[in-house]
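To start, the structure under review is shown below, and the notes come after it.
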Amino acid sequence: MFLVVGANGQLGQELLALLPGRALGVDRDVLDITDAAAVKAFVAEMKPEAIINCAAYTAVDKAEGDETAARAINAAGAGNLAKTGVKMVHVSTDYVFDGKSCVPYKEDDLPNPMSVYGRTKLEGEELVLDNNAQAVVIRTAWLYSSHGNNFVKTMRRLGAERPELGVVFDQAGTPTFAGDLAQAIVDILPQISEKTAGVYHFSNEGVCSWYDFAVEIMAQSGLDCRVNPIETSAYPTPAVRPSYSVLNKAKIKRVFGVNVPYWKESLTRCLKQF
């Protein structure tokens, strides 16, 4: 049995769909990962084969004024799960980088987070790897699905309500369909060992800006909404986003044989779920 923590989120729901009868999904109402004693007792009772930690404080802008809560979940909570010693997959983020690169980030590139969210997620990575010899950390980016709140659902809603809207064009990365990441995790689980432990990158293939992503969402959704490119400076937010956060996926493909679909094809598959 696999333990999926943060099961009500986008990735958690996709994982449970891929692991019917093989996974126990929990969220904060069942297990508070910030409570070390509760985590230890719960895992000792359930005896999972592996833990998949999808739980995170993901309100990037809100975290700027709520650092204590963000750190409790993103860092301490992740560490508490790791300290159980159970084989583990921990999901992290492209926001551990500052976005000043012009080539896709590799796993051993130096992190330099520019936000509270990014800093606390990086601290979580370090706690997981320091406390669990069989832990795999997967950094991902621009996650979306048919569940929860995400950029795709927001664009489809606004596209149906407005004749036009502005979307930033000077932040580049790669959208990631949560269903693809979930499949990659399921494929990786039986291969995790002390030998394969470490940090890996997974997003869909390709590169685009949020503007490009929005244009494609409108086109594939059949929405007659004009998308106008705007600069990040015209849409200020409390948290600084990396202007370039494309991830190099060579390592995860080489070590685990993971298949990485192209982002436009994955968007098509996701939209069929709506």
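Select from segment 260-274 the residues that are modelled with pLDDT of 95 or more, open to solvent by 50 Å² or more (accessible area, probe 1.4 Å) and either farther than 26 Å from residue 118 by Cα or assigned to a loop (DSSP other than H, G, I, E, B) (or both) and list them in ascending order. Full working, then the answer.
Of segment 260-274, the ones modelled with pLDDT of 95 or more are 260-272.
Keeping just the survivors that are open to solvent by 50 Å² or more (accessible area, probe 1.4 Å) gives 262, 264-265, 268-269, 272.
Hits for segment 260-274 are 264, 265, 268, 269, 272.
Inside segment 146-199, can you point out the residues that are farther than 30 Å from residue 22 by Cβ and aliphatic (A, V, I, L, M)?
Passing the criteria: 155, 158, 160, 165, 167, 168, 172.
Residues checked against (1) touching a helix residue (DSSP H, G or I) at 6+ places or on another chain (Cβ under 6 Å); (2) modelled with pLDDT of 95 or more; (3) of a type outside the set (Gly, Ala, Ser); (4) part of a strand (DSSP E or B):
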{"position": "121", "(1), (2), (3), (4)": "yes, yes, yes, no"}
{"position": "124", "(1), (2), (3), (4)": "yes, yes, no, no"}
{"position": "128", "(1), (2), (3), (4)": "yes, yes, yes, no"}
{"position": "137", "(1), (2), (3), (4)": "yes, yes, yes, yes"}
{"position": "160", "(1), (2), (3), (4)": "no, yes, no, no"}
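Yes/no matrix, rows are residues, columns are (1) open to solvent by 20 Å² or more (accessible area, probe 1.4 Å); (2) out of contact with any helix residue (DSSP H, G or I) (no Cβ under 9 Å at 6 or more places or on another chain):
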{"position": "133", "(1), (2)": "yes, yes"}
{"position": "141", "(1), (2)": "no, no"}
{"position": "144", "(1), (2)": "no, no"}
{"position": "148", "(1), (2)": "yes, no"}
{"position": "155", "(1), (2)": "no, no"}
{"position": "164", "(1), (2)": "yes, yes"}
{"position": "169", "(1), (2)": "yes, no"}
{"position": "174", "(1), (2)": "no, no"}
{"position": "178", "(1), (2)": "no, no"}
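Any idea how many residues of segment 180-203 are in a loop (DSSP other than H, G, I, E, B), of a type in the set (S, T, N, Q) and either open to solvent by 10 Å² or more (accessible area, probe 1.4 Å) or on the phi > 0 side of the Ramachandran plot (or both)? Full working, then the answer.
Start the filter on segment 180-203 by keeping residues that are in a loop (DSSP other than H, G, I, E, B), which leaves 192-197, 202-203.
Pick out the ones that are also of a type in the set (S, T, N, Q) and you get 193, 196, 203.
Then keep just the ones that are either open to solvent by 10 Å² or more (accessible area, probe 1.4 Å) or on the phi > 0 side of the Ramachandran plot (or both); that gives 193, 196.
Final tally of qualifying residues: 2.
Would you check if there is a residue in segment 104-116 being modelled with pLDDT of 95 or more, in a helix (DSSP H, G or I), closer than 22 Å to residue 79 by Cα and open to solvent by less than 10 Å² (accessible area, probe 1.4 Å)?
Of all residues in segment 104-116, those modelled with pLDDT of 95 or more come to 104-116.
Remaining after also requiring in a helix (DSSP H, G or I): 116.
Narrowing further to those that are closer than 22 Å to residue 79 by Cα: 116.
This time we only want the ones that are open to solvent by less than 10 Å² (accessible area, probe 1.4 Å), so: 116.
The answer is yes, given that some residue of segment 104-116 is modelled with pLDDT of 95 or more, in a helix (DSSP H, G or I), closer than 22 Å to residue 79 by Cα and open to solvent by less than 10 Å² (accessible area, probe 1.4 Å).
Pull out all pairs, ordered by first then second residue, where Cβ-Cβ is under 8 Å, the residues are six or more apart or on different chains, the first lies in segment 90-103 and is surrounded by 15 or more Cβ atoms within 10 Å (Cβ to Cβ), and the second is among the aromatic types (Phe, Trp, Tyr).
Listed by first residue and then by second, the contacts come to 93/117; 94/105; 94/142; 95/117; 97/105; 99/244; 101/244.
Could you list all residues from segment 219-235 that are touching an Asp or Glu at 6+ places or on another chain (Cβ under 8 Å) and either assigned to a helix (DSSP H, G or I) or surrounded by 16 or more Cβ atoms within 10 Å (Cβ to Cβ) (or both)? Show your work before the answer.
First, pick out the residues of segment 219-235 that are touching an Asp or Glu at 6+ places or on another chain (Cβ under 8 Å): 225-228, 231-232.
Of everything in segment 219-235, those that are touching an Asp or Glu at 6+ places or on another chain (Cβ under 8 Å) and either assigned to a helix (DSSP H, G or I) or surrounded by 16 or more Cβ atoms within 10 Å (Cβ to Cβ) (or both) turn out to be 225, 227, 232.
Scan segment 220-239 for residues that are among the aliphatic types (A, V, I, L, M) and modelled with pLDDT under 95 and jot them down.
First, pick out the residues of segment 220-239 that are among the aliphatic types (A, V, I, L, M): 223, 227, 230, 234, 239.
The one that is among the aliphatic types (A, V, I, L, M) and modelled with pLDDT under 95: 234.
How many residues, within segment 25-46, are open to solvent by 30 Å² or more (accessible area, probe 1.4 Å) and in a helix (DSSP H, G or I)?
Taking segment 25-46 and keeping what is open to solvent by 30 Å² or more (accessible area, probe 1.4 Å), we get 25, 27-30, 32, 34-38, 40-42, 44-46.
Remaining after also requiring in a helix (DSSP H, G or I): 36-38, 40-42, 44-46.
Within segment 25-46, residues that are open to solvent by 30 Å² or more (accessible area, probe 1.4 Å) and in a helix (DSSP H, G or I) number 9.
If we scan segment 167-183, do we find a residue that is in contact with a strand residue (DSSP E or B) (Cβ under 9 Å, 6 or more places away or on another chain) and acidic (Asp, Glu)?
Checked segment 167-183: at least one residue is in contact with a strand residue (DSSP E or B) (Cβ under 9 Å, 6 or more places away or on another chain) and acidic (Asp, Glu).
Please state which one of 21, 65 is open to solvent by 60 Å² or more (accessible area, probe 1.4 Å), more than 21 Å from residue 150 (Cα to Cα), touching a residue at least 40 places away in the same chain (Cβ under 8 Å) and over 21 Å from the mean Cα position of the chain (by Cα).
Of the residues listed, the single one that is open to solvent by 60 Å² or more (accessible area, probe 1.4 Å), more than 21 Å from residue 150 (Cα to Cα), touching a residue at least 40 places away in the same chain (Cβ under 8 Å) and over 21 Å from the mean Cα position of the chain (by Cα) is 65.
The values are calculated or read from the model by the stated rules, or taken from the named source; none is laboratory data. A quick note: this is a predicted structure, and the numbers were derived from the prediction, not measured. With ideal geometry, Cβ positions are generated from the backbone for all residues, glycine too; neighbour counts draw on all protein chains shown. Just so you know, the surface numbers come from the protein's heavy atoms only, side chains and all, with ligands and any DNA or RNA stripped out. Shrake-Rupley method; radii C 1.70, N 1.55, O 1.52, S 1.80 Å.
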